[in-house]
Each structure stands twice: as C-alpha cells, then as structure tokens.
Amino acid sequence: MFLTKEEEKIYEGEYGEAKASMMRLLVAIGEVYGASKLIKPTNAHVSGVSYKTIGDVGLEFIEGLAKKNAKASIQSQLNPAGIDLKNWSKLNIPKDFAKKQIRIISAYEKIGIKALCTCTPYLIGISPRISEHIAWAESSAVVFANSVLGARTNREAATTALASAIVGRTPFYGLHLEEQRHPTHLIDVKVDLLNELDFSLLGYSIGKDLRTGIPFIRGIKGEIKNDYLKALSASIAVSSSIAMFHIDGITPESNMEEKDNLKNLEKISITNYELKKVNEELSFTNEFDTVCIGCPHCSINEIKYIAEMSMGKKFQKRFFIYTSRKVLELAKKIGYVSLIESAGGKIISDTCMVVSPLESLGIKSVLTNSCKAAYYLSSLCKLKVKLANLSECIRYAVQ
Ligand code: F3S
C-alpha cells in the first residue's frame, strides 16, 4: 500500500508508539482488503464504549492508549456507554459497573474523543455530506450514513474506528470507492409498510435473505420518514453484513441507476409473510414487565409522539426511552420530558437498553419496537422479548 512520507513517519513511531500501533493496524487492514492507499476521513465514530461489552480488557486497552498520550487527530465521538452518565445513581446501576464505565469515558476523553454517547450522531448535527469520507463503527449509523446521507464509510470495527480517530486516516477500499457502491440485488416490497416496526422487520428480513451485498429496495408506498430509515438501517445491519442500501429518491446515488442494470440483478420479493415470520422469530413472550424504546436512539419527533400519546395517562409498566443527551435537553426545554415523567416514563441518555446492565435491574421481559433491540436483548442480555410498534407499545403499557 502506498504511504506518504508523513504516514511512513507515523508508522515508524516518530509520533509515538500509540499512534504507530494504530497506524500499523490500519495498514494491515488495508492490505488485507487490497487498499491502494490511506485517505483522510473527516469524522470517526467510535464504538466499544460500554463496560458491559468491552469488560476489563477493553478498559485497560483504552486507559493504556490514554497513558501513552494517544490523541485524536480528527473530530470523533463515542457510541452509547453502559450508563446514563449524569443520572446513573438514580437508576439502580451497580456501583462497580458505573465506576469502571466512568474510567472508560475519562480515558476516551483524555484521548480527545467526545463523549456524546449516541448511536445517532446524524440526529445531533454530525451529518456528513454526500461523498464525504468518514470512519464509523456503529453499524446502524454506518448504513444510515451510506444510504441516506450519501457519505462513505465501511463498517468499521471498534478498534479500526479508534485507530482512524487517532491517526486521521482510513484505508481506501470497499464503500469508499464509487464502483463498490452499486446495488447487487433488487428487492420488491409487496407489502404496505405502516410504521417504524414494519421498516425494522423489512430490514431484518432483507438482511436474512441476502447476508451481504447492496440491495436496491423498491415498491415502498407512502411517506418514508427519517425515523423509518433509522429503523431499517439498524435492523438490516443486525441480520447481515450489509452496510448500504439504495432507495430511489432517498439514496443520493440512486439517481445513477440505469433501469437496464437493475433488470440484471437477482430479484427478491418481500411480502407480509416474510415480515410476519421475522416478527415470530424475534418475539418470545406475550408477557412483559418493561417497555424499551430508542434503538437506535430516539429522535425528537419520536419523543414528541410518546409525550403526546401518554398525556394524562399512567404507564402500568416500566417505560424507558433512550436518546442522546442533546435530544434529551431539547425535549426538556419543549416540555416533553415532564409530560412523559408525569405518566411514569423515564428518558435515559448516554446509554441504551442493550449496552446497559438492564438484566441486573430485575427486568425479565421487554416490549420493544426495534428488531435490533429484540435480537440483542434475547441473545446478549438473555431477556424475553416481544415486538410491537410504538403506538401499540404505549397502548399496552397504559392498559
Ligand atoms: Fe443504538 Fe444500542 Fe440500538 S447502541 S442501535 S440503541 S443497540
């Protein structure tokens, strides 16, 4: 792989051992994937933040980098942590867990990575433009960035996104290359998609069928809200290694599609049957003691909807809503938070239902509107899960 003089100096350790080790990792990955060179991304989104997922080994690794004086050289921010950084003590989080989580955040901050702790940076002003190269590690955000924003990123691992943050480079391969961003499969949607759960089921179902590639999705009728695309981006990445889809009129590059090219692609139809099958596959219970909304983190519109729907009502179950701190502050200002809290709901920021120690709070079964949450809550957290759309979640919770 071609390296500039400056990159060679970094590689050889002239700017310190920490930066050199991160550079060597990027070069090794680039060589595996046949990258011709490194490019400069404008932003890095770093996952591997929750103590629940990275444990003591991860904590020591990040503290080690911070001690060696590693510094971020581009704008970069963190994915959700394992706790609400301001309010964890009110949420019965085990103290030992919280202490270690705070050490992880401090180490990342020392490196210069902003503790925004959200999986939806694109909802809080970090919204790369068309063709902008970035290095993001949160799979739901990766798919959204490539497919909706038209930015360019591979599905980075926690370590490679961190390396890009520190070195300010990413290997030039995969979805950074224009010719690698064309659709490989044609998906005909033959079912009406009415809400965020339907889009989430669609994404999971496409991912299960394809496992890899770039689907061109057509046939969606009606309004396609940003929140629906957020749900689709998250679920398609859970059941596959897909990092990008095309939807005509949404994906900036979908204009370049020649109809003739699409005709040559392998075609798959998604009907109500496929969506029902996914729903059955991910729903294990009819009982639930907690409702969790916000995978990926809620937008202000979703919080507005919950606030309006819960006005004057009382939740009969725990009702947790996860979002970024910035959206939470906005929701507070507008008055949504007090409406939700009067109904007995809680809005939690900096973390989410999957990466926080939900199972240690005595929770056994969860109702959610996200296939990604359903998948991880049952596989990683060993909880029972039921799927329902947002309006049903609210209705069931106030019964
Ligand atoms: Fe975000 Fe957590 Fe879901 S990081 S995409 S809310 S699993």
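The values are calculated or read from the model by the stated rules, or taken from the named source; none is laboratory data. The structure displayed is predicted, hence computed values, not measured ones. Using ideal geometry, Cβ is built from the backbone for each residue, glycine included, and neighbour counts are taken over all protein chains shown. Just the protein is used for accessible areas: all its heavy atoms, side chains included, with ligands, DNA and RNA removed. Shrake-Rupley method; radii C 1.70, N 1.55, O 1.52, S 1.80 Å.
Where residues in segment 329-382 are under 21 Å from residue 82 (Cβ atoms), hydrophobic (A, V, I, L, M, F, W, C) and outside any loop (DSSP other than H, G, I, E, B), which of them is farthest from the ligand (Cβ to nearest atom)? It comes out as 361.
Determine whether segment 222-232 contains at least one residue that is small (Gly, Ala, Ser) and either surrounded by 15 or more Cβ atoms within 10 Å (Cβ to Cβ) or closer than 16 Å to residue 372 by Cβ (or both). Looking through segment 222-232, at least one residue is small (Gly, Ala, Ser) and either surrounded by 15 or more Cβ atoms within 10 Å (Cβ to Cβ) or closer than 16 Å to residue 372 by Cβ (or both). Considering (1) within 16 Å of the ligand (Cβ to nearest atom); (2) without any contact (Cβ under 8 Å) to a residue 60 or more places away in the chain, the lone condition that residue 308 does not fulfil carries the number (1).
Find the residue count for segment 115-135, including only residues that are open to solvent by 10 Å² or more (accessible area, probe 1.4 Å) and more than 16 Å from the ligand (Cβ to nearest atom).
The qualifying residues number 8.
If you go through segment 87-102 and pick out every residue that is within 22 Å of the chain's Cα centre (by Cα) and touching a residue at least 40 places away in the same chain (Cβ under 8 Å), you end up with 1.
Scanning segment 51-105 for residues that are among the polar types (S, T, N, Q) and surrounded by 14 or more Cβ atoms within 10 Å (Cβ to Cβ) gives 53, 73, 75, 76, 77, 79, 87, 101. Taking the listed residues 145, 141, 107, the one that is assigned by TED's automatic domain parsing to the domain that holds residue 161, in a helix (DSSP H, G or I) and touching an Asp or Glu at 6+ places or on another chain (Cβ under 7 Å) is 107, with no other qualifying. Is it true that residue 340 is β-branched (Val, Ile, Thr), assigned by TED's automatic domain parsing to the domain that holds residue 292 and free of Cβ contacts under 8 Å to residues at least 40 places away in the same chain? Considered against the rule, which asks whether it is β-branched (Val, Ile, Thr), assigned by TED's automatic domain parsing to the domain that holds residue 292 and free of Cβ contacts under 8 Å to residues at least 40 places away in the same chain, residue 340 comes out as yes. Given the condition among the β-branched types (Val, Ile, Thr) and open to solvent by 10 Å² or more (accessible area, probe 1.4 Å), answer yes or no: does some residue in segment 138-150 qualify? Taking every residue of segment 138-150 in turn, at least one turns out to be among the β-branched types (Val, Ile, Thr) and open to solvent by 10 Å² or more (accessible area, probe 1.4 Å).
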